[in-house]
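Okay, so here's the structure we're looking at.
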Number of protein chains: 4
Amino acid sequence: MITDAWEVTSVSNRIGERYSVLVFGQSHAPSIGCVIEGLPAGFKPDMDRVLSFMARRAPNGGALSTARKEADIPEILSGLNERGETCGAPLCMRIVNGDHRSKDYDALRDVPRPGHADYTAHVKYRGANDIRGGGQFSGRLTAPLCFAGALAMQLLAPMGIRVAARVRSIAGIEDAPMDMLRPDLDAISSDDLPVTDAERGRDMRAAIAEARAEGDSVGGVIECFATGVPAGLGEPMFGGVENKLAGALFGIPAVRGVEFGLGFAAAGLRGSRHNDGFAVSEDKGITALSNNHGGILGGITSGMPLVVRAAFKPTPSIGLPQRSVSLSRGTDETLSVAGRHDPCIVPRAVPVVEAVAAIVIYDLILTEGSGTSWS
Amino acid sequence: MITDAWEVTSVSNRIGERYSVLVFGQSHAPSIGCVIEGLPAGFKPDMDRVLSFMARRAPNGGALSTARKEADIPEILSGLNERGETCGAPLCMRIVNGDHRSKDYDALRDVPRPGHADYTAHVKYRGANDIRGGGQFSGRLTAPLCFAGALAMQLLAPMGIRVAARVRSIAGIEDAPMDMLRPDLDAISSDDLPVTDAERGRDMRAAIAEARAEGDSVGGVIECFATGVPAGLGEPMFGGVENKLAGALFGIPAVRGVEFGLGFAAAGLRGSRHNDGFAVSEDKGITALSNNHGGILGGITSGMPLVVRAAFKPTPSIGLPQRSVSLSRGTDETLSVAGRHDPCIVPRAVPVVEAVAAIVIYDLILTEGSGTSWS
Amino acid sequence: MITDAWEVTSVSNRIGERYSVLVFGQSHAPSIGCVIEGLPAGFKPDMDRVLSFMARRAPNGGALSTARKEADIPEILSGLNERGETCGAPLCMRIVNGDHRSKDYDALRDVPRPGHADYTAHVKYRGANDIRGGGQFSGRLTAPLCFAGALAMQLLAPMGIRVAARVRSIAGIEDAPMDMLRPDLDAISSDDLPVTDAERGRDMRAAIAEARAEGDSVGGVIECFATGVPAGLGEPMFGGVENKLAGALFGIPAVRGVEFGLGFAAAGLRGSRHNDGFAVSEDKGITALSNNHGGILGGITSGMPLVVRAAFKPTPSIGLPQRSVSLSRGTDETLSVAGRHDPCIVPRAVPVVEAVAAIVIYDLILTEGSGTSWS
Amino acid sequence: MITDAWEVTSVSNRIGERYSVLVFGQSHAPSIGCVIEGLPAGFKPDMDRVLSFMARRAPNGGALSTARKEADIPEILSGLNERGETCGAPLCMRIVNGDHRSKDYDALRDVPRPGHADYTAHVKYRGANDIRGGGQFSGRLTAPLCFAGALAMQLLAPMGIRVAARVRSIAGIEDAPMDMLRPDLDAISSDDLPVTDAERGRDMRAAIAEARAEGDSVGGVIECFATGVPAGLGEPMFGGVENKLAGALFGIPAVRGVEFGLGFAAAGLRGSRHNDGFAVSEDKGITALSNNHGGILGGITSGMPLVVRAAFKPTPSIGLPQRSVSLSRGTDETLSVAGRHDPCIVPRAVPVVEAVAAIVIYDLILTEGSGTSWS
């Protein structure tokens, strides 16, 4: 009864050691959600702030995103005591998925969309993968991540730790540079395209609109900062802050690259230009003179701001015709992906990157740190 | 609001679930080495091939590397039966470190070198970190990784899986492009600077020599391919091949960025240009028409070659004077790092990237796959 | 010398590496449930069999258990495709908890019940633990375990593996001995007190009734068998079948001891009596001549039936007055636990032990074995 | 190249999350040893105390143990800085194995010894297991555990935590009972048979001598106490102190059962007799009135002494003839195990149980606790 192919199983939807988030659901399953272990007991989440954070990710029907609107209302199934505080038990949150029109799933199942996981999931799960709306590979699964990240941010804030991201580029259009040593996080706009330079933002919007009009899509880069992170977090070799952040960020759909500090640009520099010197300052003690290292040396935080960037590929769902195959017939096919899709996933992914970064940082603190307090 | 200091402990030197490698040692400890769990019983390592692989990483006193020469002779302490085959028990390998001249460690301990982990390790371990030769942060710790990777490669080879890397760029000088769908791995030179275009290689050598002459250093990018990896490996969300490879590759000292397929370049493209169509071929069944996805879709292998790139910062040890501080006196200092250092770590890091990739791929196969055999 | 308090967090409700079950909920939370990772894709659970298995655990208002009746209807929130098959995504199941009468929780919170986790949870979670109905420590949390175990059993059955348990003793009354080498699992009664000797069963029922009448409770031992488990499963030292089964079984509330084969009785025997010889049999090849080792030697299965026993303490909730304290006032108090409680948890725990054993065995097979199939 | 049997690999020799010990070696490999991660930086081990602790486990040629004498001298290969303090890097320790006489291993390999792992290891590793001296299943592998435990004890001591075990019974002869609430650990004799009642100890010695004279062996029970453990350690469900201690203790060869507090005896009691009441005491605040719960309620420590017992089977190596088989010929055989063996492993296992308990407790403190300090 034992077969010799790969196991048709996965155990991969959980992240974190001491702040641990397990995401469940598929795009069209009855629910999506997550179970969070590691929330300190006695913490009363500010649900209004959670909802407004999650709203940044949800499609709003605007020019940047899909025409779909989703009201992602998290329902807490467990983990709170009678006073609404965390009680030490796992917190399970779910979002009920709306009813979806019945479709000819057999057709969808047969012709894999280029750039999507349709083909690889078909191989891995031997045809049993859920193809409805992208199944477990849908970007919709980032909603529970945002929930877990919003809680982590509320727990990080009293420690003086702030996580904020911006669109660094879309379609090759770069936002203005920011000082990595003293990033001005308040300069990031709070609209649906968070940048620091409004004009560049307008250019990005135009590029998105143009791609949409042509049935095409564009990608971009998100840059995330974390300030107030104390020095000494993270561990050598495989337990470094880079290892953990990268291992988590690649869990966001469409991420193809992750870099820290100057990242790939560092590869072209000389050491004398790249190294960050140290100096003694009156008020802060020892500080770095620049932050090309992005707040991490040897996997360990230096006390300077964390700087991480994630590259997002262009949305694979496009209206233009593409070459594909029929899995059942073994024939070449042409496919146009119908439906309402984001012409660029980057703006909505900004809070997702923040959420994942917050989850990782809070997990690092719980795993390596002393008993921490949120109050 | 953080109520105590961080734990002065680390548990971070181990990687892999079912092919698990724990690296131990410091640059000047009596030994460095590793313990490997998960080697299939009955496997007889080809030690000659292991040694020649490890020799690619060892400094050879040539123009590209440090003037030091190290003969890294692995000694196997456990894990083999009386016939020299793996027996199912953990295999412990150690390399005896040579005698090191006594030094004034107090001076080294006091002034952290820019770009190194001296400062962050000092904070984390409250001054007890081993500063001799970089301690546990030394690039020397990649020797045991190469040992473990060499064994993994010997186990992957009979499955038709081959892992090979090249220098993609040094100091901004790019090697010739390679077809990601059908990479010609045999075109990579087998000398101490593995490239495909000999002229670009000479330019890189010149850039390294120039930096060395000026007491400076340069960085670069390494590109690694794995061919023959079957489709269906890797898991959704946090268990994807990208997550695991990135989480491992950032364990190599000096890596600042990791990308797959087109990586950061994908962020500037349109979907119609980036998506890889599918087609039916006579002999291979379904294949992709291009490999911008680098062999991974949704975290799962597509059967196309894996393509991953890692950016290395310039060697932080440089002879030029740099600004630093005295940790004991709280004063500003100027530091010139004496001694023999690699002006560019990239050439010697090529086998390290291959080793880490092989470890991760073999671990994926053992973790997700059926019982595999090397014969 | 301990410099701060413990973290008020827990990350402990998950078990299994490749068949991984995360249990969530508290007795009076909106829901209890579990998320299962590792179900092979394409498996269609037989929900009728799941429900009938879960019914064995649920209180039925009979003589053996609490007067409460609970209809535990599992609702699947995710993990199935449009055909009702597992799709490779985590399967989330929840059971809606009934409405509970409002109570004066402050009183419950103030006086910890002897034998319960009230006091230790109060210390750990600094007073934020959920005390309603035992919170996360409630035996009610074993319902999701039974769900996950029922699925594991359906996946084990086609491999010829069967898991069955019986009440070995209650209140010191022992069921008839069973041959550990060739256990007759069909001889175990399928009523609400699974034993092989009906008369001993009647004696046990009488002992339970007597304890109930006196406002007291009794404990017992459950013995679990697994037949058809192939030789070679389990790993040396800390990955042994005993380690994993014991590590899981102690997760069932009220378990105070776990033993394998002859268990504690082995400590009183001589080696010549305890050792199980080997012989060659015509049809089965090499077999053991007896099974004092309970199917495990060196942590690895021998192919003989697994035999494991778990000791359950008497239900701590009793009507008789007990000494306790007021946490708020720091005074001695007398407490009588009102309400409807099981005078003996052992009969209802029989399927829970089976479920946990099935989860562990199926996880061992997925973790160590080749890709397995249920069909 | 993929086969369909179980994987012939193991990843099981490591225990602990934040104080993590990986044991390597086989009985006749060049070395045995361990790698410890999680030692706090700046700790200077007292090697004299380590050696005297390890000496309690080593065979001394006396009446209780094998006639072999082993001088287990730990050599530290990594993990210390130039001042002999832990530096945050993994500490690797090895013990060089003595030269062993060449033997006819083929004969040993062919006829599995009853009660040993010979047969199961043969199946698992397809005949490649190391059979020399028991290979990786040898009790000799407990020497590195004692090393790691000795360090843990030195780190626990300044926190006021003490771990001590005794022989509770051998061959059915029971040592005197001890008050579980206020155990007098100083009453345990410090000779090679640690008991509290010298006369019972003499009876045990006589039973061992008698078994030895008859070419047979005896088993026994070890009882371990840990005092000073603060309340609130351990986590619900699968992260409980019982789960972790049991999961570790079954890693000691020959352990067949583990129980806490009253253990299996609790199963025969009524709740009114078993429940431990609480009271307020002037000096200690809230305490339990008895300790049938063995210091653990709901998986969480109560502040009362931890009490755990492990049952050891009789040494399987006996001189008396036993039935076995020839694996190569498929014939029945008679086997007498020659050589020098412990007629009872229990006395030498006492420090091993202490070591494992100390490792688990220290790991719990690092994992769940705040930054702790040993000074």
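Which residues, taken from region A:221-232, are more than 7 Å from chain B (Cβ to nearest Cβ), open to solvent by less than 10 Å² (accessible area, probe 1.4 Å) and not aromatic (Phe, Trp, Tyr)?
Taking region A:221-232 first, the residues more than 7 Å from chain B (Cβ to nearest Cβ) are A:222-229.
Those still in the list that are open to solvent by less than 10 Å² (accessible area, probe 1.4 Å) too: A:222-226, A:229.
A:Ile222, A:Glu223, A:Cys224, A:Ala226, A:Val229, listed by residue number.
So, A:Ala266, is that one at pLDDT 95 or above, crowded, with 24+ Cβ neighbours inside 10 Å and facing chain B (nearest Cβ under 7 Å) or not?
Numbers: at pLDDT 95 or above: yes; crowded, with 24+ Cβ neighbours inside 10 Å: yes; facing chain B (nearest Cβ under 7 Å): yes.
Spelling it out, A:Ala266 is indeed at pLDDT 95 or above, crowded, with 24+ Cβ neighbours inside 10 Å and facing chain B (nearest Cβ under 7 Å).
Looking at C:Ala58, C:Ala71, C:Ala41, C:Ala5 in this structure, which one is of a type outside the set (D, E, K, R), closer than 21 Å to B:Phe238 by Cα and either at pLDDT below 95 or open to solvent by less than 10 Å² (accessible area, probe 1.4 Å) (or both)? Steps first, please.
Details: C:Ala58 fails: closer than 21 Å to B:Phe238 by Cα; C:Ala71 fails: closer than 21 Å to B:Phe238 by Cα; C:Ala5 fails: closer than 21 Å to B:Phe238 by Cα.
That would be C:Ala41, the only listed residue that is of a type outside the set (D, E, K, R), closer than 21 Å to B:Phe238 by Cα and either at pLDDT below 95 or open to solvent by less than 10 Å² (accessible area, probe 1.4 Å) (or both).
Kindly indicate whether B:Arg166 is open to solvent by less than 20 Å² (accessible area, probe 1.4 Å) and of a type in the set (Lys, Arg).
On the way: open to solvent by less than 20 Å² (accessible area, probe 1.4 Å): yes; of a type in the set (Lys, Arg): yes.
Answer is yes for this residue.
Within region B:200-212, identify whether any single residue is within 7 Å of another protein chain (Cβ to nearest Cβ), at pLDDT 95 or above and either under 30 Å from B:Phe137 (Cα atoms) or open to solvent by less than 10 Å² (accessible area, probe 1.4 Å) (or both), and answer yes or no. If you could, list the steps in order and put the result at the bottom.
Of all residues in region B:200-212, those within 7 Å of another protein chain (Cβ to nearest Cβ) come to B:211.
Those left that are additionally at pLDDT 95 or above: B:211.
Pick out the ones that are also either under 30 Å from B:Phe137 (Cα atoms) or open to solvent by less than 10 Å² (accessible area, probe 1.4 Å) (or both) and you get B:211.
Yes, region B:200-212 contains at least one residue that is within 7 Å of another protein chain (Cβ to nearest Cβ), at pLDDT 95 or above and either under 30 Å from B:Phe137 (Cα atoms) or open to solvent by less than 10 Å² (accessible area, probe 1.4 Å) (or both).
Working carefully through the options A:Asp216, A:Asp203, find the one that is among the acidic types (Asp, Glu) and out of contact with any helix residue (DSSP H, G or I) (no Cβ under 7 Å at 6 or more places or on another chain).
On the way: A:Asp216 fails: out of contact with any helix residue (DSSP H, G or I) (no Cβ under 7 Å at 6 or more places or on another chain).
Criteria check complete, one pass: A:Asp203.
Hey, any hits in region C:187-208 for a residue that's without any contact (Cβ under 8 Å) to a residue 40 or more places away in the chain, hydrophobic (A, V, I, L, M, F, W, C) and in a loop (DSSP other than H, G, I, E, B)?
So far as region C:187-208 goes, yes, one or more of its residues are without any contact (Cβ under 8 Å) to a residue 40 or more places away in the chain, hydrophobic (A, V, I, L, M, F, W, C) and in a loop (DSSP other than H, G, I, E, B).
I'd like the full set of residues that are aliphatic (A, V, I, L, M) and under 23 Å from D:Val163 (Cα atoms), limited to region D:206-225. Show your work before the answer.
Keep residues of region D:206-225 that are aliphatic (A, V, I, L, M), which gives D:206-209, D:211, D:213, D:218, D:221-222.
Answer for region D:206-225, where residues must be aliphatic (A, V, I, L, M) and under 23 Å from D:Val163 (Cα atoms): D:Val221, D:Ile222.
Determine whether D:Asp197 is among the charged types (D, E, K, R) and either under 24 Å from D:Ile296 (Cα atoms) or crowded, with 20+ Cβ neighbours inside 10 Å (or both). Steps first, please.
Details: among the charged types (D, E, K, R): yes; either under 24 Å from D:Ile296 (Cα atoms) or crowded, with 20+ Cβ neighbours inside 10 Å (or both): no.
The answer is no for D:Asp197.
Count, please, the residues in region D:111-125 that happen to be over 19 Å from C:Val241 (Cα atoms) and open to solvent by 20 Å² or more (accessible area, probe 1.4 Å). Walk me through how you get there before you give the answer.
Start the filter on region D:111-125 by keeping residues that are over 19 Å from C:Val241 (Cα atoms), which leaves D:111-113.
Pick out the ones that are also open to solvent by 20 Å² or more (accessible area, probe 1.4 Å) and you get D:111, D:113.
Count: 2.
Regarding B:Ala128, is this residue more than 14 Å from B:Pro351 (Cα to Cα), out of contact with any helix residue (DSSP H, G or I) (no Cβ under 6 Å at 6 or more places or on another chain) and among the small types (Gly, Ala, Ser)?
Numbers: more than 14 Å from B:Pro351 (Cα to Cα): yes; out of contact with any helix residue (DSSP H, G or I) (no Cβ under 6 Å at 6 or more places or on another chain): yes; among the small types (Gly, Ala, Ser): yes.
Against the criterion (more than 14 Å from B:Pro351 (Cα to Cα), out of contact with any helix residue (DSSP H, G or I) (no Cβ under 6 Å at 6 or more places or on another chain) and among the small types (Gly, Ala, Ser)), B:Ala128 qualifies.
Exactly one condition in (1) surrounded by fewer than 22 Cβ atoms within 10 Å (Cβ to Cβ); (2) among the charged types (D, E, K, R); (3) outside any helix (DSSP H, G or I) is false for A:Glu235; which is it?
Only one criterion is unmet by A:Glu235, namely (1).
Select from region C:15-46 the residues that are at positive phi and either without any contact (Cβ under 8 Å) to a residue 12 or more places away in the chain or part of a loop (DSSP other than H, G, I, E, B) (or both) and list them in ascending order.
Across region C:15-46, the qualifying residues are C:Gly16, C:Gly38, C:Gly42.
Output the residues belonging to region C:163-178 that are more than 20 Å from C:Pro305 (Cβ to Cβ), assigned to a strand (DSSP E or B) and over 19 Å from the mean Cα position of the chain (by Cα). Give the derivation first.
Going through region C:163-178, the residues more than 20 Å from C:Pro305 (Cβ to Cβ) turn out to be C:170-173.
So of that shortlist, the ones also assigned to a strand (DSSP E or B) come out as C:170, C:173.
Within region C:163-178, C:Ile173 is the sole residue that qualifies.
From D:Arg323, D:Arg329, grab the single residue that is out of contact with any Lys or Arg (no Cβ under 7 Å at 6 or more places or on another chain), under 15 Å from D:His116 (Cα atoms) and of a type in the set (Lys, Arg). If you could, list the steps in order and put the result at the bottom.
Details: D:Arg329 fails: under 15 Å from D:His116 (Cα atoms).
Of the residues listed, the single one that is out of contact with any Lys or Arg (no Cβ under 7 Å at 6 or more places or on another chain), under 15 Å from D:His116 (Cα atoms) and of a type in the set (Lys, Arg) is D:Arg323.
So, restricting to strands (runs of 3 or more DSSP E) that lie completely within region B:269-363, which ones have at least 2 residues that are of a type in the set (S, T, N, Q), open to solvent by less than 20 Å² (accessible area, probe 1.4 Å) and within 11 Å of chain A (Cβ to nearest Cβ)? Write out each step before concluding.
Details: elements: B:278-281, B:285-288, B:306-312, B:322-326, B:331-335.
Passing ranges, in order: B:322-326.
Let me spell it out: the conditions are (1) open to solvent by less than 40 Å² (accessible area, probe 1.4 Å); (2) more than 7 Å from chain B (Cβ to nearest Cβ); (3) of a type in the set (A, V, I, L, M), and A:Ala248 meets all of them except one. Which number is the exception?
(2)
Condition check ((1) touching a residue at least 24 places away in the same chain (Cβ under 8 Å); (2) in contact with an Asp or Glu (Cβ under 8 Å, 6 or more places away or on another chain)) across all residues:
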{"site": "B:Leu145", "(1), (2)": "yes, no"}
{"site": "B:Met153", "(1), (2)": "yes, yes"}
{"site": "B:Leu156", "(1), (2)": "yes, no"}
{"site": "B:Ile161", "(1), (2)": "yes, no"}
{"site": "B:Val167", "(1), (2)": "yes, yes"}
{"site": "B:Ala171", "(1), (2)": "yes, no"}
{"site": "B:Glu174", "(1), (2)": "yes, no"}
{"site": "B:Pro177", "(1), (2)": "no, no"}
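Can you tell me which condition C:Ala254 does not meet? The list is (1) within 30 Å of D:Asp332 (Cβ to Cβ); (2) surrounded by fewer than 24 Cβ atoms within 10 Å (Cβ to Cβ); (3) not charged (D, E, K, R), and all the others hold.
(1)
The values are calculated or read from the model by the stated rules, or taken from the named source; none is laboratory data. Computed from a predicted model, the values in this text were never measured in an experiment. All Cβ positions, glycine included, derive from the backbone under ideal geometry; neighbour counts span all protein chains shown. The protein model used for the area step is the full one, side chains on, heavy atoms only, and it has no ligands, DNA or RNA in it. Shrake-Rupley method; radii C 1.70, N 1.55, O 1.52, S 1.80 Å.
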